[in-house]
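J.: Here it is: the structure, laid out below.
Only the coordinates and a few stated rules stand behind these numbers; no lab work does. All figures in this text were calculated on a predicted structure; none of them were measured in a lab. Backbone-built Cβ (ideal geometry, glycine too); neighbour counts: all protein chains shown.
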Amino acid sequence: MAKKLDIAFKEAYRISSTTTIKLPPDVMLQLYAYYKQATKGRNYQQPSGDVELRNAFKLNAWFQLSQISEDDAKKEYIKLVNKYLINY
């Protein structure tokens, strides 16, 4: 199961990282947070970027997902990609 999930997650990431669709900021923040939780778990690190306020929002969104597993974060990430980029 994890193998199929990993393949689907990588494909969802490919789609989201190459899209030209302009997503609302809250959806972009959700994608960021789920991606980080899926790939880093609770190994928090300061987001890259020059805007401190934006970085604070990113980190806070990630912190809010600390109770979900990496696999569940992958599933939620895939759902968001399907909702906003596949079935758009």
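J.: Quick check on the range 36-88: of everything there that is under 18 Å from PRO25 (Cβ atoms) and basic (Lys, Arg), which residue is surrounded by the fewest Cβ atoms within 10 Å (Cβ to Cβ)?
T.: Taking the candidates together, the pick is LYS83.
J.: Further question on the same structure: Among the numbered criteria (1) among the polar types (S, T, N, Q); (2) in contact with an Asp or Glu (Cβ under 8 Å, 6 or more places away or on another chain); (3) buried (at least 17 other Cβ atoms within 10 Å of the Cβ), which single criterion is violated by SER16?
T.: Condition not satisfied by SER16: (2).
J.: While we're looking at this one, here's another question. Just the residues that are within 16 Å of ILE86 (Cβ to Cβ) and either basic (Lys, Arg) or more than 11 Å from the chain's Cα centre (by Cα) (or both), please, taken from the range 1-21. Quick ask: steps written out before the conclusion?
T.: Filtering the range 1-21 for residues within 16 Å of ILE86 (Cβ to Cβ) gives 7-21.
Residues satisfying the conditions are ILE7, ALA8, LYS10, GLU11, ARG14, ILE15, THR18, THR19, THR20, ILE21.
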